[in-house]
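J.: Input: one structure, supplied below.
The values are calculated or read from the model by the stated rules, or taken from the named source; none is laboratory data. The model shown is predicted, which means the values in this text are computed figures rather than measured ones. When we count neighbours, we look across all protein chains shown, and the Cβ atoms used for this are built from the backbone with ideal geometry, even at glycine. Just so you know, the surface numbers come from the protein's heavy atoms only, side chains and all, with ligands and any DNA or RNA stripped out. Shrake-Rupley method; radii C 1.70, N 1.55, O 1.52, S 1.80 Å.
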Amino acid sequence: MIPAQFDYLAPTTVEEALAALGEHGDDAKILAGGQSLLPVLRMRLNAPEVVIDLGKIDSLRGIRDDGDAIVIGAMTQHSVVEHDPLVEEHAGLIHQAVEHLADVQIRHRGTFGGALAHADPAGDLGAPALALGAQFVIQGPGGTRTVEADDFFVDLFETAIGEDEILVAVRVPKHTGWGSCYEKFVRVAHQWPIVAVAATVKMEGGTIAEARIGLTNMGNTALRARASEAALVGQPATEEGVAAAAALAAEGTHPPSDLNGESAYRKHLATVLVRRAVLNAAGA
Ligand SMILES: Cc1cc2nc3c(=O)[nH]c(=O)nc-3n(C[C@H](O)[C@H](O)[C@H](O)COP(=O)(O)OP(=O)(O)OC[C@H]3O[C@@H](n4cnc5c(N)ncnc54)[C@H](O)[C@@H]3O)c2cc1C
């Protein structure tokens with residue numbers, strides 16, 4: 001289907017983009033890589049009067065070292081994130097998740113910020129963002145604010161980004177030396193995960209000193225497996241110790257039922273994937 005007619009704006013600065021958002025309000029929609037928005041427009045599930053393309057704003061692209069964190073510009077394509085050495089060294093979970101996100105063509109068009117702003121609960125990036133304690137840098141008419149990952153995902157396709165705001169970057173605290181593993185369960189390669197688990201653990205000797213685990217497609221938003229995280233602290237990285245903590249992975253979750261699996265199946269899958277991801281991350 002062909003989208004409904006809209007006006008197209010291509011600002012070259014964030015300030016211009018914000019001014020356009022302020023002027024057109026509800027009638028405007030931000031365009032990043034278009035990999036989620038364009039299908040929505042073509043199916044006429046949304047018909048904005050104005051589309052504001054961020055593609056010409058150079059300051060929104062790139063990855064830089066910021067001391068104890070790396071900063072990923074919102075308009076940085078998945079393919080750039082995938083091959084970036086800073087991401088691989090300091091945020092291994094994001095590196096692993098992006099490697100398995102969609103296919104090569106989509107990774108060349110889709111953006112890191114666009115995927116997170118879209119907030120699909122089946123998206124691959126929410127769980128790593130939660131596990132790594134990412135901070136979302138959001139700019140609006142009143143200036144810039146930072147939102148912690150735990151507060152960013154509000155509901156199905158809904159984030160803390162206001163209607164008059166733009167996600168400009170994501171700050172990811174370095175997890176150098178932490179083990180990490182992204183376990184994505186799919187029926188067909190390059191598909192959205194049925195369930196996925198992002199686990200990162202800090203080992204001291206043979207013991208788990210700290211564990212952070214994000215879950216994909218286990219509710220309306222990406223979630224933390226907090227009960228498993230708490231149970232892992234102080235455990236040896238053995239099959240038995242990790243399995244007992246992983247059995248708590250679905251606590252407090254409300255996964256959907258669909259053609260790919262029932263809710264109860266997803267809950268079971270989460271326990272299996274958490275066990276595998278944590279054991280891998282711990283190098284066991
Ligand atoms: C066939 C197919 C398979 C896919 N498979 C996967 C998969 O396996 N895993 C996965 O995670 N993803 C998958 N995706 C989605 C892909 O990751 C997209 O890149 C992503 O969802 C949207 O990013 P985008 O840059 O294309 O954003 P767009 O489609 O341009 O925008 C998405 C939404 O976010 C808003 N937005 C974008 N950028 C900003 C910003 N900076 N500030 C505020 N709002 C913003 C837009 O207004 C829009 O509502 C798939 C997509 C397709 C088409």
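J.: Say R0 is 22 Å: what FRET efficiency, to the nearest 0.05, do R109 and E148 get from their beta-carbon distance?
T.: Values: r = 29 Å, r/R0 = 1.30.
Between R109 and E148 the formula returns 0.15.
J.: Could you name the aspartates and glutamates in cross-link range of K56, using Cα to Cα under 15 Å and dropping any fewer than eight places away on the same chain?
T.: Candidates past the 8-residue exclusion: E15, E16.
J.: Among the trypsin sites (Lys or Arg not before Pro) in the range 142-241, which ones are in a DSSP loop with at most 16 other Cβ atoms within 10 Å of the Cβ? Mind listing them?
T.: Working: sites: R145, R171, K174, K184, R187, K202, R212, R224, R226; in loops: K174, R187.
The qualifying sites are R187.
J.: Please list T13, T176 in order of solvent-accessible area, largest first, computed with a 1.4 Å probe with all protein chains present.
T.: Details: T13 50, T176 75 Å².
Descending accessible area places them as T176, T13.
J.: Determine ³J(HN,Hα), in whole Hz, for all residues of the range 201-217 in sequence, where each value follows from phi through the Karplus function 6.51 cos²θ - 1.76 cosθ + 1.60 and θ = phi - 60°; x replaces Gly and Pro.
T.: 9, 10, 9, 10, x, x, 10, 7, 8, 8, 9, 10, 9, x, 10, 10, 6
J.: Return the distance in nm (one decimal) between the two label points of a simple spin-label model at D164 and D27, each offset 7 Å from Cα along Cα→Cβ.
T.: 1.7 nm
J.: Also, I was wondering about something else. Using only Cα atoms, find the angle between the long axis of helix 14-24 and the longest principal axis of the chain, and express it within 0 to 90 degrees, rounded to the nearest 10.
T.: Value to nearest ten degrees: 70.
J.: Right, another one. Quick one: of the DSSP bridges fully inside the chain, what percent are antiparallel, nearest 5? Each step should come with its number before you reach the end.
T.: Numbers: 42 of 49 bridges.
Close to 85 percent.
J.: Using heavy-atom solvent-accessible surface (probe 1.4 Å) with all chains present, what is the largest-first order of V80, V51? All intermediate terms of the calculation are to be shown ahead of the outcome.
T.: Values: V80 65, V51 5 Å².
Accessible-area ranking of V80, V51, largest first: V80, V51.
J.: Let me ask something additional. Taking 0.36 nm per intervening residue step and subtracting the Cα-Cα distance, what contour gain separates V50 from Y8 on full extension? Mind showing how you got there, number by number?
T.: Numbers: separation 42, 0.36 × 42 = 15.12 nm, distance 0.59 nm.
The span from V50 to Y8 would gain 14.5 nm if fully extended.
J.: Extending each Cα 7 Å along its Cβ direction at M43 and S263, get the distance between those two points in nm, one decimal.
T.: Label-label distance for M43 and S263, simple model: 2.2 nm.
J.: Here's a follow-up. Please work out the average accessible area per residue across the chain, using the 1.4 Å probe convention, and give it in Å².
T.: Values: 12850 Å² over 284 residues.
Ligands and nucleic acids excluded, the result is 45 Å² per residue.
J.: How many percent of the accessible area of the chain is carbon or sulfur, using a 1.4 Å probe? Don't skip to the end; give the middle numbers.
T.: Working: 6460 of 12850 Å².
Solvent-exposed carbon and sulfur of the chain make up 50 percent of the total.
J.: Starting from 0.36 nm per residue, how many nanometres of slack lie between T176 and A244 once their C-alpha separation is accounted for?
T.: Details: separation 68, 0.36 × 68 = 24.48 nm, distance 2.70 nm.
Gain on stretching T176 to A244: 21.8 nm.
J.: In degrees from 0 to 90, rounded to the nearest 10, what is the angle of the helix 263-281 Cα long axis to the longest principal axis of the chain?
T.: Tilt relative to the chain: about 70 degrees.
J.: How big is the range 7-53 on each of its three principal axes, counting only the C-alpha atoms and giving the largest first in Å?
T.: Cα spread of the range 7-53 along its principal axes, largest to smallest: 30, 20, 13 Å.
J.: Among the lysines, which fall within straight-line cross-link reach of K184, defined as a Cα-Cα distance under 19 Å, with same-chain neighbours fewer than 8 residues apart omitted?
T.: Result set, ordered by chain and number: K267.
J.: Provide the gained length on full extension for the span L156 to E89, in nm with one decimal, where the gain is 0.36 nm per separating residue minus the Cα-Cα distance.
T.: Values: separation 67, 0.36 × 67 = 24.12 nm, distance 3.14 nm.
Taking L156 through E89 to full extension adds about 21.0 nm, to one decimal.
J.: Can I ask one more? What does the convex hull of the alpha-carbon atoms of the chain project to on average, in nm²? Show your work: numbers first, answer last.
T.: On the way: hull surface 58.0 nm².
Its average projected convex-hull area is 14.5 nm².
J.: Right, next: Which of the GluC sites (Glu not before Pro) across the range 141-243 are loop residues per DSSP, with 15 or fewer other Cβ within 10 Å?
T.: On the way: sites: E148, E158, E163, E165, E183, E204, E210, E229, E239, E240; in loops: E163, E165.
Taking the range 141-243 and a limit of 15 other Cβ atoms within 10 Å, the loop GluC sites (Glu not before Pro) found are E163.
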